[in-house]
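The values are calculated or read from the model by the stated rules, or taken from the named source; none is laboratory data. In this text the structure is predicted, and so the values were computed from the model without any measurement. Note that each Cβ is placed from the backbone with ideal geometry, even for glycine, and that neighbours are counted across all protein chains shown.
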Amino acid sequence: MTKLELEVHDDALSAINKIKNLNDSGIELIIPEGSILFDNIISLKLISQAADKNQKVIQFTTTDEIGASLIAMLEEPAGQAGQNYQEREPEQMPGVIPEKSRFVFKKPAFPKIRLPKFKSGLVLPAIILAVLIGMIFVLSKKPVAYAKVLLNSQPLTRSTTVKVKHGGTTDAAKMELKGQTLDTNVEITDEVPTTGEKLVGKKAEGEASIYNKTDAEIKLDKGSKLNYDEKDLVYVLDDDITVPAREEQPNPDDPLTQIYKLGEATVKITAGDIGDSYNIDSGKDLEVDGYKSSEMVAKTKSKLSGGESKKVKVVAEADKTALQKKVTDAAKEKATSDLKFKLGKTQRLIEGSITVQITKEAYTAKVGDEAEKLILTAYAGASGLTYMDSELNSLLDKIVQNLVPQGHVLSEKQREVSAIPLGNSTASVLNSSEADMQITLKTFTVTAVDKEELKKSLAGKSVSDAEKVLGSIGSLSTYSIEIKPVIPLFNKVPKDLNRINLEVENE
């Protein structure tokens with residue numbers, strides 16, 4: 001036997017079509033409670049006739065009380081209802097097996113309800129009466145009351161200063177709001193072009209001859225200076241030297257006179273600074289620092305060469321300072337994004353409350369180092385102050401409760417709250433643990449209406465009486481009530497509160 005479950009809205013035609021589509025000759029037809037098939041017994045009869053026509057055995061099953069009664073009536077043969085005679089056994093022809101009824105009805109789990117037996121002439125009126133009673137019962141469950149109330153609202157605005165404190169409590173007397181500090185760690189890498197400049201290059205090198213005009217040898221230490229006055233250039237000795245004293249010797253041009261041969265020594269010298277200006281030719285006169293020209297002189301022995309110079313970019317102190325600020329600002333921006341990601345659905349981060357502390361810095365160069373750009377990787381800890389919407393609304397409700405007229409309440413829908421931090425000043429504070437804020441509440445007050453109590457007042461009343469109940473609400477703008485569907489004799493508000501649809505809105 002195949003089980004076929006019907007829907008509440010399936011009518012007799014839908015049920016018959018579903019039965020036709022089944023191949024099984026035995027069908028258990030499960031009809032749900034409240035099915036429209038139980039509006040009258042005719043639908044069940046049509047299904048039975050269709051099953052008989054299609055040679056199918058139908059077993060009706062339901063938990064609906066009215067449906068069970070109708071099935072019981074359908075199950076009982078019409079000729080038996082109201083009869084007081086003994087039923088005769090039907091005559092059976094020899095060799096013929098009596099045909100088994102194709103309709104089998106499953107007994108409901110609860111006691112079967114049977115109508116009292118009437119005389120044969122009263123069967124049809126009894127059926128009609130049962131159908132009417134069933135229809136009245138069903139129809140009485142369908143009407144729904146739709147009531148709408150529009151309340152007048154009065155504007156209410158209040159602005160006040162509130163202190164948000166981490167670890168504090170919400171206290172209307174102290175004008176304090178409970179806050180919470182959120183923490184995060186960020187890593188930022190950024191760079192700036194260098195602005196410093198430095199001259200770099202090589203020093204010129206060569207040899208110089210030093211002449212001693214005195215009668216005593218002269219020792220010059222490594223690093224002693226030789227000056228080239230024409231270009232104001234300085235050279236230094238690469239080694240220690242001893243310049244011998246001058247010597248007397250006959251004058252080849254006049255044997256009767258003597259001449260002096262100057263003491264001479266050769267030494268390697270290096271320019272005192274970089275640049276190609278130190279590349280001077282051989283034979284240039286040099287002054288020996290610390291000696292008069294009458295005592296000692298010098299000349300370049302060979303051309304000095306190798307001197308060169310150029311300007312390069314180097315890290316300036318200002319570059320480091322600018323990069324630190326840039327990285328700190330970037331860390332604060334990233335921390336703001338990270339903290340907002342950590343916020344709960346109704347948790348708010350106070351703008352400007354984030355503080356950033358750089359915990360570690362790594363630069364690619366030091367001040368003075370040659371570099372086209374300076375890169376900094378910084379690790380920072382960041383904190384920001386937050387509060388909950390629910391805490392703020394609770395605080396505001398307590399602050400303005402004395403401003404709400406008697407019999408009124410604050411509107412839950414028409415509510416606008418702005419919270420603006422006052423910043424850091426002599427009179428206010430703004431950081432990750434404490435903040436002074438200007439809180440402004442713009443809302444409305446409306447008449448206090450208990451929807452459940454109002455439903456109870458409307459239940460069972462006629463439309464005119466229900467309108468009087470609605471009209472008695474204070475500060476009322478408009479109201480309306482209607483009952484759908486419109487059914488004669490059922491024009492009262494249902495007593496079942498679940499079938500009273502009540503909307504209370506603010507103007």
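So the values come out like this:
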item: Positions within segment 182-200 being surrounded by fewer than 17 Cβ atoms within 10 Å (Cβ to Cβ) and part of a strand (DSSP E or B), in sequence order; result: Asp183, Asn185, Glu187, Thr189, Glu191, Pro193, Glu197, Lys198, Leu199, Val200
item: Among the candidates Lys3, Lys20, residue that is in contact with a helix residue (DSSP H, G or I) (Cβ under 9 Å, 6 or more places away or on another chain), surrounded by fewer than 20 Cβ atoms within 10 Å (Cβ to Cβ) and over 30 Å from Pro125 (Cβ atoms); result: Lys20
item: Residue that is farthest from Asp329 (Cα to Cα), among those in segment 357-369 that are of a type outside the set (Val, Ile, Thr) and exposed (fewer than 14 other Cβ atoms within 10 Å of the Cβ); result: Gly368
item: Matching option when the condition is farther than 30 Å from Thr194 by Cα, β-branched (Val, Ile, Thr) and either within 60 Å of the chain's Cα centre (by Cα) or surrounded by 18 or more Cβ atoms within 10 Å (Cβ to Cβ) (or both), among Ile259, Ile274, Ile280; result: Ile280
item: Any chance Leu237 is at pLDDT 95 or above, surrounded by 14 or more Cβ atoms within 10 Å (Cβ to Cβ) and of a type in the set (A, V, I, L, M); result: yes
item: From Thr478, Thr443, residue being within 30 Å of Thr181 (Cα to Cα) and among the β-branched types (Val, Ile, Thr); result: Thr443
item: Options Ser309, Ser337, Ser293; residue that is of a type in the set (S, T, N, Q), closer than 30 Å to Ala245 by Cβ and surrounded by fewer than 18 Cβ atoms within 10 Å (Cβ to Cβ); result: Ser293
item: Filter result (exposed (fewer than 13 other Cβ atoms within 10 Å of the Cβ) and either touching a strand residue (DSSP E or B) at 6+ places or on another chain (Cβ under 6 Å) or assigned to a strand (DSSP E or B) (or both)) within segment 461-476; result: Ser462, Gly474
item: Entirely in segment 205-272, the strands (runs of 3 or more DSSP E) that have 1 or more residues that are of a type in the set (Ser, Thr, Tyr) and closer than 15 Å to Lys299 by Cα; result: 225-228, 233-237
item: Only listed residue being in contact with a Ser or Thr (Cβ under 9 Å, 6 or more places away or on another chain) and of a type in the set (Val, Ile, Thr), chosen from Thr270, Thr194, Thr266; result: Thr266
item: Odd one out for Ala173 among (1) within 30 Å of Leu441 (Cβ to Cβ); (2) under 33 Å from the mean Cα position of the chain (by Cα); result: (2)
item: Residues satisfying the stated conditions in segment 315-332, i.e. without any contact (Cβ under 8 Å) to a residue 24 or more places away in the chain and loosely packed, with under 13 Cβ neighbours inside 10 Å; result: Thr321, Lys325
item: Leading residue by the ranking (modelled with the lowest pLDDT) among those in segment 451-507 that are among the acidic types (Asp, Glu) and within 18 Å of Asn152 (Cα to Cα); result: Glu507
item: Residues of segment 465-507 that turn out to be closer than 29 Å to Gln406 by Cα, free of Cβ contacts under 8 Å to residues at least 40 places away in the same chain and not acidic (Asp, Glu), as a count; result: 4
item: Strands (runs of 3 or more DSSP E) within segment 273-382 that include 1 or more residues under 30 Å from Gln180 (Cα atoms) and polar (S, T, N, Q); result: 347-349, 355-363
